[in-house]
Amino acid sequence: MTTTLFGDLAGDLTGEPGRRPPLVLLHGLTFDRTSWHPVLAELTALDPGRRVLALDLPGHGESAPWPDYDLEPIADAVRSILDGHIVLSRDLGSAGHYPAIDILNSVSRLTSDIATVEQKNAAAKLRDAMATYSRTEDLINLGAYVAGASAKVDAAVRVRESMEDFLKQAPDVKVTLQETLLRMADLANRV
């Protein structure tokens, strides 16, 4: 692979130009873009020719250091060319939550094209429960939230542990799409 500079960020661009925007991989829990090589190999097998851009963040790999570590300019720059984006969370990773995908900050622009109405509704219910829990987590942890004060918060608390289990998957565990959709629907029905 040949290193290309995108602004001050070093990156590898693979695949062939096509009608779809490239998939952009930013490392979060890794040291540099070479950590994406196993993922790139899988993507090549699953989606031959798919355009993929793997970038080193500032101060990592071959990218120049930046005086501050504000990722918003980077995120804004790459969002414009994405089908969607998956945000990895250092906090989730250090808590042993793998894959360390930050669901509330990740987006898929293809969902509306490939998911059924029922699947989209179930996912929206779960994202809403996660967002509700996130907004009230400090109150819950401090014991300041009183059960029964909000049905929405109560539902988020009730499914929190099951959602966390649903979102974790060991690398050696294989789950079919059908199994995943059934679990998602079951969780959404409990919200």
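The values are calculated or read from the model by the stated rules, or taken from the named source; none is laboratory data. Only a predicted model underlies this, so the values are computations on that prediction, with no experimental measurement involved. When we count neighbours, we look across all protein chains shown, and the Cβ atoms used for this are built from the backbone with ideal geometry, even at glycine. Note: areas computed on protein heavy atoms with side chains; ligands, DNA, RNA excluded. Shrake-Rupley method; radii C 1.70, N 1.55, O 1.52, S 1.80 Å.
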Exercise for review: Sort 87, 52 from largest to smallest accessible area, using a 1.4 Å probe on the heavy atoms of the protein chains.
Suggested key: 87, 52
Review point. Which length gain, in nm to one decimal place, applies between residue 105 and residue 4 when the Cα-Cα distance is subtracted from 0.36 nm times their residue separation?
Key: 33.6 nm
Practice item. Let me know the charge dipole size of region 79-191 about its Cα centre in debye, to the nearest 20, where only the beta-carbon of Lys, Arg (+1) and Asp, Glu (-1) is charged. Key: 200
Exercise for review: Report the FRET efficiency, 1/(1 + (r/R0)^6), for residue 90 and residue 182, where r is their Cβ-Cβ distance and R0 is 41 Å, rounded to 0.05.
Suggested key: 0.85
Study note, to complete from the structure: Cross-link reach from residue 152 to aspartates and glutamates, straight Cα distance under 17 Å and at least 8 residues apart if same chain, gives 128, 137, 138, 161
Point to revise | Rounded accessible area of residue 42 (nearest 10 Å², 1.4 Å probe) | key: 120
Exercise for review: Please give, to one decimal in nm, the separation of the simple spin-label points placed at residue 16 and residue 39, each 7 Å out from Cα toward the Cβ.
Suggested key: 2.4
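Exactly which trypsin sites (Lys or Arg not before Pro) in region 135-191 are in a DSSP loop and have at most 13 other Cβ atoms within 10 Å? Can you show the working numbers first?
Details: sites: 135, 152, 158, 160, 168, 174, 183, 190; in loops: 168, 174.
Filter output for region 135-191: 174.
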